[in-house]
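Trainee: My structure is below; once you've seen it, I'll send some questions.
Just so it is clear, none of the values below were taken in a lab; they were calculated from the coordinates. In this text the structure is predicted, and so the values were computed from the model without any measurement. Please note: Cβ atoms are built from the backbone with ideal geometry, for glycine as well, and neighbour counts cover all protein chains shown.
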Amino acid sequence: MSNDSQRQLGESDSPIEDELETAFRRMVDEGTQRLHRTWREVLVTGFFGGTEVAVGVLAYLSVLHAGGNQLVAGLAFSVGFLALLLGRSELFTEGFLVPVTTVAAKRAGPGQLMKLWGGTLAANLAGGWVLMWLVMTAFPKLHEQTIESAAHFVTAPLSMETAALSVLGGMVITLMTRMQHGTDAVFGKIAAAVAGAFVLAGLGLFHSVLDSLLIFGALDTGVAPFGYLDWLSWFWWTTVGNVVGGLALVTLLRLLRSKDRIEEERSHAERDEPVD
């Protein structure tokens, strides 16, 4: 069906379906605001994101310590994603679909994207480290479980299996973001957060921030059989895998699906104002 036919059949004058147009508009509007944040706003929002994910990690560890299985613990971890959703904070791997779409639409520049990514990742790790230190101080009974859970990730060698787990981790959380921007219903957004947590934490996928907080908690106990260099050697390739999964398996395909609409938005942006 031609774009002209789609414009005539839909309620909006858009080359894509009405539902996709609504989601696209929502993403670009939100992405423009996020990418035009100051450094202070980026760092504070990212710091809160790290602390809120750490609350989810606390719930996750508590369920495992109480004898619950990994899948139930994954559901408990959804507390962290719900806090991110309702608290409007920022997680590094949530910064793929919405900001990249905004840059593709020329409503922000690549430099602003790099600022968002770099600042958010650093602040996520800093906020998460602080809260995990508090968690380990407040709950000594969780030390053994934290070390055991962290060792599963930090001691994992780079292989086809672990690389695939990191790619899937990036894809799942970006898919969660896509689902949340596909609806206005709060219940739908909450359901997407719970589903994302269940798959990500419940199935033990590799995630650069979430699993780093487990590792930080283990290191905070002072008796972990690994150190920060071990974390760094694991962290770099996990982050690369997350980026590949989030960008290649979700974001780029969504951009391809909305190619005509993005070209229209780029034309509007070029007429309206320059992009930094």
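Trainee: Looking at (1) in contact (Cβ under 8 Å) with a residue 12 or more places away in the chain; (2) part of a loop (DSSP other than H, G, I, E, B), which one does Gly217 not meet, given that it meets all the others?
Mentor: (2)
Trainee: Looking at Gly49, Gly118, Gly68, which one is on the phi < 0 side of the Ramachandran plot and outside any helix (DSSP H, G or I)?
Mentor: Numbers: Gly49 fails: outside any helix (DSSP H, G or I); Gly118 fails: outside any helix (DSSP H, G or I).
So the residue among Gly49, Gly118, Gly68 that is on the phi < 0 side of the Ramachandran plot and outside any helix (DSSP H, G or I) is Gly68.
Trainee: Which residue out of Gly204, Gly182, Gly196, Gly188 is within 17 Å of the chain's Cα centre (by Cα), assigned to a helix (DSSP H, G or I) and of a type in the set (Gly, Ala, Ser)? So that I can check it myself, show each step before the final result.
Mentor: On the way: Gly204 fails: assigned to a helix (DSSP H, G or I); Gly182 fails: assigned to a helix (DSSP H, G or I); Gly188 fails: within 17 Å of the chain's Cα centre (by Cα).
Just one listed residue meets the conditions, Gly196.
Trainee: Any idea which residue in the range 136-160 is nearest to the chain's Cα centre (by Cα), counting only those that are under 11 Å from Phe216 (Cα atoms) and among the β-branched types (Val, Ile, Thr)?
Mentor: By that ranking, first place goes to Val154.
Trainee: Regarding the range 247-269, can at least one residue be identified that is closer than 15 Å to Val167 by Cβ, part of a loop (DSSP other than H, G, I, E, B), in contact (Cβ under 8 Å) with a residue 60 or more places away in the chain and not polar (S, T, N, Q)? Please lay out each step first, then the result.
Mentor: Of all residues in the range 247-269, those closer than 15 Å to Val167 by Cβ come to 247-253.
Adding the requirement that they be part of a loop (DSSP other than H, G, I, E, B) leaves none.
Within the range 247-269 (the criterion being closer than 15 Å to Val167 by Cβ, part of a loop (DSSP other than H, G, I, E, B), in contact (Cβ under 8 Å) with a residue 60 or more places away in the chain and not polar (S, T, N, Q)), the answer is no, since none of the residues qualifies.
Trainee: Determine which member of the set Thr183, Thr155, Thr174 is among the polar types (S, T, N, Q), closer than 30 Å to Gln33 by Cβ and surrounded by fewer than 21 Cβ atoms within 10 Å (Cβ to Cβ). I'd like the intermediate steps shown before the answer.
Mentor: Working: Thr155 fails: closer than 30 Å to Gln33 by Cβ; Thr174 fails: surrounded by fewer than 21 Cβ atoms within 10 Å (Cβ to Cβ).
Only one candidate qualifies: Thr183.
Trainee: In this structure, is Ser166 part of a loop (DSSP other than H, G, I, E, B) and polar (S, T, N, Q)? Spell out the reasoning first.
Mentor: Details: part of a loop (DSSP other than H, G, I, E, B): no; polar (S, T, N, Q): yes.
It is false that Ser166 is part of a loop (DSSP other than H, G, I, E, B) and polar (S, T, N, Q).
Trainee: Might you check whether a residue that is surrounded by fewer than 19 Cβ atoms within 10 Å (Cβ to Cβ), under 23 Å from Glu17 (Cα atoms) and of a type in the set (S, T, N, Q) occurs anywhere in the range 258-273? Steps first, please.
Mentor: First pass over the range 258-273, keeping only residues surrounded by fewer than 19 Cβ atoms within 10 Å (Cβ to Cβ): 259-260, 263-264, 266-273.
If we keep only those that are under 23 Å from Glu17 (Cα atoms) too, we end up with 259-260, 263-264, 266-269.
Imposing the further condition that a residue be of a type in the set (S, T, N, Q) reduces the set to 267.
Yes, the range 258-273 contains at least one residue that is surrounded by fewer than 19 Cβ atoms within 10 Å (Cβ to Cβ), under 23 Å from Glu17 (Cα atoms) and of a type in the set (S, T, N, Q).
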